[in-house]
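Read-outs: derived from the displayed coordinates by stated rules, not from any lab. Small disclaimer: the values here were computed from a predicted structure and weren't measured. Neighbour counts run over all protein chains shown; Cβ positions are idealised from the backbone, glycine included.
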Amino acid sequence: MGETFAQWNLVQLAFIAVFPAYIAYIRVVNGMALVSLYVYLFVLCMPAMFIQMKLGGYNQKGIVGLLSQHLPISKGVGVALLIDLFLTCLYVAPLVCHFGMYAIISMIEQPYVWSGCDNIWNTEYCVDIHQKAQVTGINSETTYLVNGVNQKKTTPELEFFHNGYLELSNSIDNVTGFPVWNFTSQLQNVGVSLLPVTLAVLWILVFLFTAFGARVSGWILFVLGPTFVAMLLAVLGYGYNSLDSEHSNNFLLSFYNLDFKGFLQPVDTRVLVNTVSEGFDLLMNSLPVWTAIPVTLGKFTGQGKISRNLGWLLVIVTFALVIQVPQLAMAPYIGNLEAKIKDLKVLKEGSYNGIQLVFSTMPAAFAELEIPPVYALLFYLSLFICGFMFLCVAMLSIVDNIVDSLTTRFAKLHDRKHCCTFVTTFFLMVAVICLGLLMTTRAGFYYIILLDQSVTRLRFITVFILAVSVIIVYVKHTFSIVERILISIWCILAATATAGFWLYSFIMYLGYPLKYNGHEYSKVFDLVSWIISAIPYIAIPAAAMHSCGLYEGSCKERMKYMFCGSQEEPRDYQGYYPAPEPSAPPAYSYNTNSYGRNGSMLYPMDDIHNKNGYDPEMEPLDTRLRSSRI
């Protein structure tokens, strides 16, 4: 059985729910796309979050346990969601490592060292700058750190924009060695590859924060949530207070311009589709509405009526409040940077979105605007904390579902749940470290893009099947009939619209080859991508057959079980029967206050029969009728 007490309270949940904001650093939306994001949030996400978190809290189970008990034929959907979440953690973790390394840079380096033109992400634009400099004759002397020695050389102005932190491969086929961090002599002299070590340290921290259960992790995440918000607000406050407010306001006005083109002119469908797709992509890639996380969050917040009915609302409101804070914090820096280099116009459109925004544009802003290093540290540390929180919540969801399945199935593990959680977390961390090492090589970003494109490709299947499954389970419960009808209809319509958006994206990009940094993936990796996409969905029929095979009975009984479930949890005792739960407190609790001041019993029961002239010899030999001494 699940826990009968809430492991998180609503205040904890409100601060833990800030973890989706890490995507807002990378995916930024403006204008009408932002409006569409909030429309989707309240129209498409509210019913799904309500049903999943309420079912998790009421049943005290994760997604796998919930479907296993009430709809075993859909048990594989829960397993597919866990695999999907595991693969997501696999490629998000190296990015979080880079966020942490950039935070380290800001502590040990001065901003002027954040220079160079050898970054693989911006190579073609460095050529443009050189050509522009030759035409305009703009040159300046810039100080660089070469092999730990400060050197001066004449370079084109504004070359700071192209930071040279990493020496990466220009092809996915080149996996020899690890990325070289060439920004500082201190780390070059360490003598070991830093990124694999950083990845291992990251997962060890996740292990320490999650291996002791949701209650301990909840308090740790509760502290990290406000810390992330405070750091980001400090960066935001410095930007608007110390930088040119005119440039900041101009950037905000242009960035958040509500362009109704495509809305008022339906013939221009391309603009309309692109606009609404940007908001949809940010929402679905940040808020884990159709993943294994919502049911687990509902379970952790407990069975209480208030928790069940308010927890989902706190998650929605928190997301709505924090999703724009990273963009608002970056706005003054980008606006002032854009104004300063407006003449050369080297800020391309891609600099405002994707990994270049945090790995290239923001370092350029910190360097050129001479921002104190402490604010660069706070910016990247807030990004690291937010990504780290996502990894912790995701791993908690995966481990909790696995442990619940093991302790439900095997009675010997039922009384050793904490030990089972610790061991499961350990083996899961070992697996994710070993698989993640490939993404710390020189071609690591190519593998990150490969996984990102593969995991989300067939998500429209998961969304629709999961929606149908949870609605069936929800309708089976004894909630208000009006609530069940209205929420179920709303949820199936929202799920259909969401799956439609994913399907449209799938069809639009079906014929496009995988590309990154101008390099097109080979046909072999295209096949690998499809295999990765199909892996979670293989679990759907496999888990259904497993559930059918475990149930003992005739074919008709098995069919009924697969579609209707069972109120009794299947458990393999294997000769071991756990101790029964006591039906009453120990006897001494009744007698604690049963003595008078003189030491005599207030209610003498031992000799009551003799005082009433009771003869035990006359008692019939049937203890079910009366108390007997025989």
- Collect residues whose amide H, placed 1.01 Å from N in the peptide plane, falls under 5 Å from the amide H of Phe410; neighbours closer than 5 in sequence don't count. Asp572
- Task: Could you work out the local net charge near Phe563, counting Lys and Arg as +1, Asp and Glu as -1, over the other residues with Cβ closer than 15 Å to its Cβ?
- Result: +4
- Message: Just to verify a number: FRET efficiency for Val528 and Met508, C-beta to C-beta distance, R0 = 25 Å, to 0.05?
- Response: 0.70
- Where Lys and Arg each count +1 and Asp and Glu each count -1, what net charge lies around Ile487 among other residues with Cβ under 15 Å from its Cβ? +3
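Return the tail of the calculated pair distribution for segment 352-495, meaning the percent of Cα-Cα pairs more than 27 Å apart.
Numbers: 5572 of 10296 pairs.
Of all Cα-Cα distances in segment 352-495, 54 percent exceed 27 Å.
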- Task: Within the set of other residues whose C-beta is less than 13 Å from the C-beta of Ile398, count the net charge using Lys and Arg as +1 and Asp and Glu as -1.
- Result: -3
- State which entries of Lys54/Lys417; Lys75/Lys515; Lys340/Lys523 exceed 32 angstrom in Cα-Cα distance in the structure shown. Lys75/Lys515; Lys340/Lys523
- Query: How big is D, in µm² s⁻¹, for segment 484-548 by Stokes-Einstein at 4 °C and 1.567 mPa s if Rh is the Kirkwood radius over C-alpha pairs?
  - Reply: 85 µm²/s
- Query: Hey, can you rank 25-32, 520-527 by average C-beta count inside 10 Å, highest first?
  - Reply: 25-32, 520-527
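Give Lys305/Lys476; Lys61/Lys412; Lys305/Lys412 a once-over and call out the pairs whose C-alpha atoms are over 28 Å from each other. Kindly include the intermediate steps, with their values, before the conclusion.
Working: Lys305/Lys476 18 Å; Lys61/Lys412 19 Å; Lys305/Lys412 32 Å.
Pairs exceeding 28 Å: Lys305/Lys412.
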- Query: Going by average Cβ neighbours within 10 Å, how do the peptides 324-331, 428-435 rank, with the highest at the top?
  - Reply: 324-331, 428-435
